[in-house]
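The values are calculated or read from the model by the stated rules, or taken from the named source; none is laboratory data. Values in this document were obtained by computation on a predicted structure and should not be read as measured data. Note: ideal-geometry Cβ built from the backbone for every residue, glycine included; neighbour counts use all protein chains shown.
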Amino acid sequence: MFHNQTAVITGGSSGIGLALAKELRLRGARVVLISRSGVKLKKAQTVLAEIPGDPVNVFRCDVRNYRQLRRVFQEIEKSGPVSILINSAGMVHPGKFETIPVSLFRRTMAANVLGTVHACRAAAPAMMSRHAGTIVNIGSLAGMIGVFGYTAYSASKFAVHGFTQALRAEMKPHGIHVMLAAPPDTDTPMLHEERKLLPRESAAINASGGLLSPKAVALAIIRGIEKRRSIVVPGFEGKFAYYASRFIPGIVDAVMDHKIRKAQSGKP
Ligand SMILES: NC(=O)c1ccc[n+]([C@@H]2O[C@H](COP(=O)([O-])OP(=O)(O)OC[C@H]3O[C@@H](n4cnc5c(N)ncnc54)[C@H](OP(=O)(O)O)[C@@H]3O)[C@@H](O)[C@H]2O)c1
């Protein structure tokens, strides 16, 4: 299914995006990575070169910059049609609401929401003209359940969720499959940085959500693409939390409030 397909991955130089690049390459896809740091892109290229396949093309671009991103997609399309777009570029900076500057909300929304919108807007018209394509937007479990310490991040990922649902409905008649992936905590460089900033209440809540490897998340996403799912929540704990938040939201709130009180009281 992926053989000779071109997959463009924003945020493909690290974490979940890099794991997806590896798995897609193993399945015969041509992968193209987009992110900001040339050093990280070069490292990812070296890692991916260990897997046989076409050369891995990389583009340095900030997904917040639509004009630049559109030029990158025009450049990529010159060497072949983009079959799969994966939006994995993103950022998180947790903290209690009253301590987070409004500028951080703007930055988070620009990277996570507008970055995703920009790449979809740059890729969709060509996919529509071919009546084929797949778009995967990486949201988060924190984009389905609002979590203590993540006001900026949860707001941005709820927006990614809503955007993806609406886009799915619009793209389906054009033969384009649009899917949201909502991973729980995943062992990536982002999580390591995030944990340094976590309020203890957030850490107490996250501790019950499980921890997945980037490979496990990538494999769940690939299965979702193959089965043309609209939403993928990787891992048992993630699925449990997602369904609980939909069907028994009051209980989920009560459990989280209990964990917050316990963390604030300092009791183990
Ligand atoms: N790790 C988790 O626990 C977790 C859980 C749920 C959802 N997610 C989501 O999964 C996605 C990937 O996260 P990850 O954990 O794999 O993080 P990661 O290892 O830090 O990777 C993030 C990638 O995005 C790129 N990036 C960040 N900002 C960018 C920008 N403005 N323009 C272009 N590229 C940008 C980074 O490269 P440069 O910095 O060089 O640009 C890097 O390649 C994110 O959307 C994240 O919110 C992660």
| message | Looking at the range 132-143, can you tell me whether even one residue there is out of contact with any Cys (no Cβ under 7 Å at 6 or more places or on another chain), surrounded by fewer than 18 Cβ atoms within 10 Å (Cβ to Cβ) and not β-branched (Val, Ile, Thr)? | response | yes
| Residue within the range 52-61 that is hydrophobic (A, V, I, L, M, F, W, C), closer than 20 Å to LEU191 by Cα and under 18 Å from the mean Cα position of the chain (by Cα) present | no
| message | Can you tell me which of (1) farther than 22 Å from ILE16 by Cβ; (2) among the aliphatic types (A, V, I, L, M); (3) touching a residue at least 24 places away in the same chain (Cβ under 8 Å) is the one VAL117 doesn't meet? | response | (1)
| Enumeration of residues in the range 74-110 that are out of contact with any Asp or Glu (no Cβ under 8 Å at 6 or more places or on another chain), outside any helix (DSSP H, G or I) and aliphatic (A, V, I, L, M) | VAL82, ILE84, LEU85, ILE86, ALA89, MET91, ILE100
| query | Is the range 179-201 home to any residue that is surrounded by fewer than 19 Cβ atoms within 10 Å (Cβ to Cβ) and in contact with a strand residue (DSSP E or B) (Cβ under 8 Å, 6 or more places away or on another chain)? | reply | yes
| task | Scan the range 119-162 residue by residue and report those that are under 21 Å from TYR243 (Cβ atoms), assigned to a helix (DSSP H, G or I) and aromatic (Phe, Trp, Tyr). | result | PHE158
| message | For the range 52-66, give me each residue that is part of a strand (DSSP E or B) and of a type in the set (S, T, N, Q). | response | ASN57
| Out of all the residues in the range 78-100, is one or more crowded, with 21+ Cβ neighbours inside 10 Å, in contact with a Lys or Arg (Cβ under 8 Å, 6 or more places away or on another chain) and more than 22 Å from HIS192 (Cβ to Cβ)? | no
| message | Scan the range 174-182 and tell me whether some residue there is within 29 Å of ALA44 (Cα to Cα), at pLDDT below 95 and within 12 Å of the ligand (Cβ to nearest atom). | response | no
| query | Regarding ILE260, is this residue in a helix (DSSP H, G or I), of a type outside the set (Lys, Arg) and exposed (fewer than 14 other Cβ atoms within 10 Å of the Cβ)? | reply | no
| note | Note on the range 183-208: residues within 13 Å of the ligand (Cβ to nearest atom) and either in contact with a Phe, Trp or Tyr (Cβ under 6 Å, 6 or more places away or on another chain) or outside any helix (DSSP H, G or I) (or both) are PRO183, PRO184, ASP185, THR186, ASP187, THR188, LEU198, SER202
| Criterion violated by ARG71 - all others in (1) in a helix (DSSP H, G or I); (2) surrounded by 15 or more Cβ atoms within 10 Å (Cβ to Cβ); (3) within 16 Å of the ligand (Cβ to nearest atom) satisfied | (2)
| Among residues of the range 28-51, those that are surrounded by 14 or more Cβ atoms within 10 Å (Cβ to Cβ), within 11 Å of the ligand (Cβ to nearest atom) and not in a strand (DSSP E or B), counted | 5
| message | Looking at ALA7, ALA19, ALA89, ALA49 in this structure, which one is of a type outside the set (S, T, N, Q) and farther than 23 Å from GLY139 by Cα? | response | ALA49
